[in-house]
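Only one structure is covered here, and it is reproduced in the block below.
The values are calculated or read from the model by the stated rules, or taken from the named source; none is laboratory data. Note that the structure is predicted; figures quoted are calculated from it, not measured. In this analysis, Cβ positions are derived from the backbone assuming ideal geometry, glycine residues included, and neighbour counts consider all displayed protein chains. Calculation scope for accessible area: heavy atoms of the full protein, side chains included, ligands and nucleic acids excluded. Shrake-Rupley method; radii C 1.70, N 1.55, O 1.52, S 1.80 Å.
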Amino acid sequence: MLGNRGKSALLLSAVALPLLVAGCSSAATDTPPADNSGAEWLNVDAGQATPSAVTRYGTASPTPELTLPTLPPTTSPTATASPTCTPAPRGAGVINGLDVVPGRTSAVVTFYNPGGADIVDYKLTAANQDLRVGEQEDVGWTTVTPNGCGDLSASVTGLTPGTHYVFSVDVRRKHVTSQEGTYTTTVARSEVVSTTS
């Protein structure tokens, strides 16, 4: 005697098996003949091996011969190499060559610009590292537009005397592939630097 599971399995196989078999069979259907006029077509019989392509122009050659025209020599302007920039050595503890000389309410930040047509500008800021209750200090951003490659320096102002800061440099670049919009990434950061009192 079959239980509920056995009856379900028997019913499922009785319904599913004919559907599977019917789905795998290939019944001939009446389809109108294809219009082969115009562009080249590859005629293939379904289920038959096709040793070579047959087009309306005849059998395709397995190794077509290609003859290229000979062009006269041309003269083109020689490309001039862009200047090679080597970053200046920085002290220990800096990330990607960011150097900071602090003053009382400002600091001079020097960083390396590798150059490139995709660089729009650099944005510099300082983040206060001293623990404070309430609203945090906002130094804002200093924008530097590069020209060529090599070291760039800029002053970050609005700092508080005797305060610890971490300075950061972000680069804004054009998207190379889509030619639309820009994106920003952090490229340099200092260790903790204190302004003078």
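With the requirement that a residue be touching a residue at least 60 places away in the same chain (Cβ under 8 Å) and in a loop (DSSP other than H, G, I, E, B), what does segment 157-197 give you?
Correct list: S190, E191, V192, T195, T196, S197.
Quick one: in segment 119-165, of everything that is among the acidic types (D, E), open to solvent by 40 Å² or more (accessible area, probe 1.4 Å) and touching a strand residue (DSSP E or B) at 6+ places or on another chain (Cβ under 8 Å), which residue is farthest from S197 (Cα to Cα)?
Selected residue: D151.
Please verify whether A126 is modelled with pLDDT of 95 or more and within 31 Å of the chain's Cα centre (by Cα), treating the condition exactly as stated.
Yes, satisfied.
Looking at (1) over 28 Å from Y165 (Cα atoms); (2) exposed (fewer than 12 other Cβ atoms within 10 Å of the Cβ); (3) modelled with pLDDT under 60, find the lone condition where T70 falls short.
(3)
Hey, can you tell me all the residues within segment 105-131 that are outside any strand (DSSP E or B) and farther than 18 Å from V166 by Cβ?
P114, G115, G116, A117, D118
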